[in-house]
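Student: There's a structure below that I have some questions on.
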Amino acid sequence: MVSTTAPDVRAPARSVAVALAGTLLIASTYGMARFGVGLFAPRLVAERPDLEPVVGWAAAAQFVSYAVAATIAARVSDRRPRALVLAAGTTAALGCLGVATTASPTWFVVLVLVGGAGAGLASPALVRVVDAVTPPRSAATAQALVNTGTAVGVVVAGVLALAVPSTTVAWWTMAAINALAAAAVLLLAGGRSGRDGTATATASGSSYDWRPLATPAVAAVVAGAGSALVWSYGPLIATGSGQVADSRVGLLWIVLGIGGLAGPLTGRLVAGRGLAGAWSWSVGAVALASVALAAAVDLGLAWPAYVAMACFGAGYMCLSGVLILWARDVWPEAAGRGTSVLFVALAVGQAVGAVGFDAWRDVAGGAGAAATAALLCLAGAVVVRRR
């Protein structure tokens, strides 16, 4: 039985500590375990040539496992958030450990599948954990901060890509960070991180009206497909056409992560523009990033590629933050469940996009694929505008 009368449940210091630990968990499960394949793709292929034919399938596997994990989390996140935090850290760490050591294409895909599940479990759980210990007036900012962990993780992974001698060392390091981040959240949140006294976590879900989530879910699928290009193939496009040297791939991702630090502004963007307006601005930034990447290829210049990554990071962190706030607005008493629904929709679009762009790049080239990604993102904005 959880008591909600203890005076320190939402103490400012505790809520800040939990938010920072949650940011680290999102950083490790998303920015490292989940998106690490796209980030390290050029070096993985160079060090383990047998993996090249399955890079696209591995990227899709990450998105699929994320969607499956988030679907499971939707059923239990509002009741057992601590268990999901533990599962998130464990699966992400195990996946990273496996990727660090395997050279088998089949096992590579399987282990990427395992690692990608961590992110799908982490987000819905942290929505509940953070809400339970954060004063209501600060909840939106705290959630946006935690969501920005993806950007932090991408920066760390980019630094690893530049600093470590091999991808094996990088993936071992990422495994350790995942385990430590999950432990930190559990330790700091304590035993009161489940229900906060207002959640109807025991509901089966049949009492919820799903219709308000339909529009953002469809928009998330479409925009997710467009965002898959940069996450899965951005470095390959930028380096494959010669604009960016292979040795500077890590810098591309550092720039993306720095751009993503704009994520905490999501709450203010929603307050000023509304959910639909904030979504359109965020998805528009991702579309602009794809246009810049196409320009880098067509013009043979490196700087548009860096602009593309920075713009993409800012836009993507904001759009995912908007989805979290949208879920909390529609289902305030089941925010974890609502977040799962919208993040699954985003991941489904990314899985389809990862496979589709793998083939489309061979037909349209890097610039053509980037232009297609921009159109998909704009279509995702139009879906919301026409609701």
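Student: Can you tell me which residue in region 147-175 is nearest to the chain's Cα centre (by Cα), limited to those that are among the β-branched types (V, I, T) and over 18 Å from G313 (Cα atoms)?
Tutor: In this case the residue turns out to be T173.
Student: Within region 215-226, is there a residue that is under 15 Å from A292 (Cα atoms) and surrounded by 24 or more Cβ atoms within 10 Å (Cβ to Cβ)?
Tutor: Looking for residues that are under 15 Å from A292 (Cα atoms) and surrounded by 24 or more Cβ atoms within 10 Å (Cβ to Cβ), one finds at least one in region 215-226, hence yes.
Student: Let me ask something else about it. Need pairs with beta-carbon distance below 6 Å; first residue among the aromatic types (F, W, Y) and within region 159-184, second not in a helix (DSSP H, G or I); sequence gap 6+ or separate chains.
Tutor: Nothing qualifies.
Student: Within region 94-103, can you find the residues that are of a type in the set (A, V, I, L, M) and crowded, with 21+ Cβ neighbours inside 10 Å?
Tutor: Result: V99, single match.
Student: If you scan region 326-341, which residues turn out to be part of a loop (DSSP other than H, G, I, E, B) and among the aliphatic types (A, V, I, L, M)?
Tutor: Matches in region 326-341: A334 only.
Student: Which members of region 119-165 meet the condition of being closer than 30 Å to R248 by Cβ and in a loop (DSSP other than H, G, I, E, B)?
Tutor: Hits for region 119-165 are T148, V164, P165.
Student: Looking at R361, R328, which one is more than 30 Å from A132 (Cα to Cα), over 17 Å from the mean Cα position of the chain (by Cα) and charged (D, E, K, R)?
Tutor: R361
Student: Would you be able to tell me the number of residues in region 277-291 that are open to solvent by less than 20 Å² (accessible area, probe 1.4 Å) and of a type outside the set (S, T, Y)?
Tutor: Qualifying residue count, region 277-291: 7.
Student: While we're here: Would you check which residues across region 31-59 are open to solvent by 10 Å² or more (accessible area, probe 1.4 Å) and in a helix (DSSP H, G or I) and list them?
Tutor: P42, R43, V45, A46, E47, P49, D50, E52, P53, V54, V55, W57 - these are the residues of region 31-59 that are open to solvent by 10 Å² or more (accessible area, probe 1.4 Å) and in a helix (DSSP H, G or I).
Student: Next question, about the same structure. Which one is surrounded by the fewest Cβ atoms within 10 Å (Cβ to Cβ) among residues in region 241-275 that are among the polar types (S, T, N, Q) and more than 24 Å from G353 (Cα to Cα)?
Tutor: S247
Student: Something else about it: Does S65 fit the bill of being farther than 26 Å from I324 by Cα and among the polar types (S, T, N, Q)?
Tutor: Judged against the criteria, S65 is not a match.
Student: Here's something else I'd like to know. Name the residues in region 332-387 that are closer than 22 Å to L275 by Cβ, open to solvent by less than 20 Å² (accessible area, probe 1.4 Å) and among the small types (G, A, S), would you?
Tutor: The answer is A334, A335, G336, G338, S340, A345, A347, G349, G380, A381.
Student: Taking A132 as the residue in question, decide whether it is under 21 Å from A73 (Cα atoms), modelled with pLDDT under 90, crowded, with 23+ Cβ neighbours inside 10 Å and aliphatic (A, V, I, L, M).
Tutor: yes
Student: Within region 66-86, how many residues turn out to be touching a Gly at 6+ places or on another chain (Cβ under 7 Å) and among the polar types (S, T, N, Q)?
Tutor: Residues in region 66-86 being touching a Gly at 6+ places or on another chain (Cβ under 7 Å) and among the polar types (S, T, N, Q): 1 in total.
Let's see how each residue does on (1) surrounded by fewer than 24 Cβ atoms within 10 Å (Cβ to Cβ); (2) at pLDDT below 85:
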{"site": "P136", "(1), (2)": "yes, yes"}
{"site": "T150", "(1), (2)": "no, yes"}
{"site": "S166", "(1), (2)": "yes, yes"}
{"site": "T173", "(1), (2)": "yes, no"}
{"site": "A176", "(1), (2)": "yes, no"}
{"site": "G191", "(1), (2)": "yes, yes"}
{"site": "S206", "(1), (2)": "yes, yes"}
{"site": "T239", "(1), (2)": "yes, yes"}
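Student: Would region 227-234 turn up any residue that is in contact (Cβ under 8 Å) with a residue 60 or more places away in the chain and open to solvent by 10 Å² or more (accessible area, probe 1.4 Å)?
Tutor: no
Student: Among (1) in contact with a Gly (Cβ under 6 Å, 6 or more places away or on another chain); (2) crowded, with 24+ Cβ neighbours inside 10 Å, where does T141 come up short?
Tutor: Going through (1) in contact with a Gly (Cβ under 6 Å, 6 or more places away or on another chain); (2) crowded, with 24+ Cβ neighbours inside 10 Å one by one, T141 breaks only (2).
Student: Please work out if A381 is within 21 Å of S232 (Cα to Cα), touching a residue at least 12 places away in the same chain (Cβ under 8 Å) and part of a helix (DSSP H, G or I).
Tutor: no
Student: Quickly run through region 60-93 and pick out the residues that are open to solvent by 40 Å² or more (accessible area, probe 1.4 Å) and under 20 Å from S232 (Cα atoms).
Tutor: V64, V68
The values are calculated or read from the model by the stated rules, or taken from the named source; none is laboratory data. Keep in mind that what you see is a predicted model, and the values were worked out from it rather than measured. Reconstructed Cβ throughout: ideal geometry from the backbone, glycine too, with neighbour counts over all protein chains shown. Heavy atoms of the whole protein, side chains included, go into the accessibility calculation; ligands, DNA and RNA do not. Shrake-Rupley method; radii C 1.70, N 1.55, O 1.52, S 1.80 Å.
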